[in-house]
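Handing you this structure, nothing more for now.
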Amino acid sequence: DNLKNQLNPHFLFNALTSLNSLIREDPELASRFLQHMSKIYRYVLQHKDQSLVSVATELDFIKNYVFLAETRFANALSITFRVSENHMDRSIVPVTLQVLLENAFKHNVMDAARPLSIEVYSDNDHLVISNNLQKRRSVDGSNKQGLENLKSLYRFLSDKPMETEESNNQFIVKLPLI
């Protein structure tokens, strides 16, 4: 429930601010933006009582979120997906990918000169989310509990832990597929 509540008023505020700008600049894009935004909230409502969803279902959801993020951040953001077909029926917790992407946005500097590059791919029994590391000096509104909460949740659901790795230039999260 806490993960699903991560689609908080701050996300809604940012999305509505972006939508407001698009309405004047590009009404057709504004319409597509609104359609993707409604799909995000529909997903949360449809899966609010489920503790797990298939990777395929979560990827369908996150691609709507990525559309909003790429519209908002333009050339400052690149997200790629390479998930094997044989991992699509495995399960993860709903909204996990949104939380991890939002975490990458929040903790890293991104602009057109230094875009944030995120990859989501499958590797053995894990879904891996990797981004280049461009740490912000300070992060507003961070309680540093997001990753710890995810780790606790995956410890509860799986005998394999969620792992994080950080180097000088990369941050990696490995989610066990259930």
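The values are calculated or read from the model by the stated rules, or taken from the named source; none is laboratory data. Just so you know, these numbers come straight off a predicted model, no measurement behind them. Neighbour counts are summed over all protein chains in view; Cβ atoms, including those assigned to glycine, are modelled from backbone coordinates with ideal geometry. The area values use the complete protein model at the heavy-atom level, side chains included, leaving out ligands, DNA and RNA. Shrake-Rupley method; radii C 1.70, N 1.55, O 1.52, S 1.80 Å.
Just one of [x] 50, 39, 32; [y] 59, 46, 40; [z] 50, 33, 27 is Cα extents along the principal axes in Å as worked out from the coordinates here. Which one is it?
Of the labelled values, this structure produces [x].
What FRET efficiency, computed as 1/(1 + (r/R0)^6) with R0 = 45 Å and r the Cβ-Cβ distance, is obtained for LEU29 and LEU153, rounded to the nearest 0.05?
Computed FRET efficiency for LEU29 and LEU153: 0.80.
For TYR121 and LEU45, compute 0.36 nm times the residue count separating them, minus their Cα-Cα distance, and round to one decimal in nm.
Numbers: separation 76, 0.36 × 76 = 27.36 nm, distance 2.61 nm.
Result for the pair: 24.8 nm of gain on full extension.
Under 12 Å from the Cβ of LYS63, count the other residues' Cβ atoms, weight Lys and Arg +1, Asp and Glu -1, and hand me the total. Spell out each step's value before the answer.
Working: positive: LYS39; negative: GLU58, ASP60, GLU70.
Value of the local net charge: -2.
Now a separate question. May I ask you to list, by number, the DSSP H helices of the chain whose Cα span along the axis is at least 18 Å and whose average Kyte-Doolittle hydropathy reaches -0.5 or more?
Span-like helices in the chain: 9-25, 27-46, 55-73.
Now a separate question. Residues of the chain: accessible area per residue at 1.4 Å, in Å²?
Heavy-atom SASA per residue in the chain reads 56 Å².
May I ask you to give the percent of accessible area on the chain that is carbon plus sulfur, with a probe radius of 1.4 Å?
47
Further, regarding this structure: So what does HIS87 come to for accessible area, using a 1.4 Å probe and Å² rounded to 10?
My reading of the accessible area for HIS87 is about 20 Å².
Which pairs, out of LYS48/LYS106; LYS63/LYS160; LYS135/LYS174; LYS106/LYS174, put more than 23 Å between their alpha-carbon atoms?
The pairs that break the limit, which is 23 Å between Cα atoms, are LYS48/LYS106; LYS63/LYS160.
Taking +1 at the Cβ of each Lys and Arg and -1 at the Cβ of each Asp and Glu, which of GLN35, THR96, ALA112 sits farthest along the dipole of the chain towards its positive end, judged by Cα position relative to the Cα centre?
ALA112
If you don't mind, another one. For segment 65-116, how big is Rg over Rh, using alpha carbon atoms and the Kirkwood form of Rh?
1.03
Right, next: What do you reckon, how do LEU97, LEU12 stack up by accessible area (1.4 Å probe), largest on top?
Working: LEU97 5, LEU12 65 Å².
Listed by decreasing accessible area, they come as LEU12, LEU97.
Based on Cβ point charges of +1 for Lys and Arg and -1 for Asp and Glu, what charge dipole magnitude is obtained for the chain about its Cα centre, in debye rounded to the nearest 20?
400
Also, quick follow-up: Could you report the accessible area of ARG90 in Å², rounded to 10, computed with a 1.4 Å probe on the protein chains as they sit in the structure?
For ARG90, solvent-accessible area is about 60 Å².
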